[in-house]
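The values are calculated or read from the model by the stated rules, or taken from the named source; none is laboratory data. Note that this is a predicted model, so its numbers are computed, not measured. Glycine gets a Cβ as well: all are built from the backbone with ideal geometry, and neighbour counts include every protein chain shown. The protein model used for the area step is the full one, side chains on, heavy atoms only, and it has no ligands, DNA or RNA in it. Shrake-Rupley method; radii C 1.70, N 1.55, O 1.52, S 1.80 Å.
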Amino acid sequence: HGRYIQEMMRRDPRDPNFAAKHGISHADMTVELVRRLFEQNQRLETTMHQLLTEVQSLKAELRQSKK
């Protein structure tokens, strides 16, 4: 089980040869791809939230400097 997890973490599911080795099914590839997409989406949402917070802070600073 541990070796399987290490192998799945090492491989990129976008690689066409991802499932070439014995023991990895199409369902495994799909689950891994979906998991990585969710992780990427979470990172993007976090980054967008940080950027929005920073932009709001900069807007507030500009308003203060104009007064």
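What's the number of the only condition in (1) exposed (fewer than 10 other Cβ atoms within 10 Å of the Cβ); (2) at pLDDT below 90 that Arg63 fails to meet? The single condition Arg63 does not satisfy is (2). With respect to the conditions (1) open to solvent by less than 90 Å² (accessible area, probe 1.4 Å); (2) modelled with pLDDT under 70, Lys21 lacks only one, and its number is (1).
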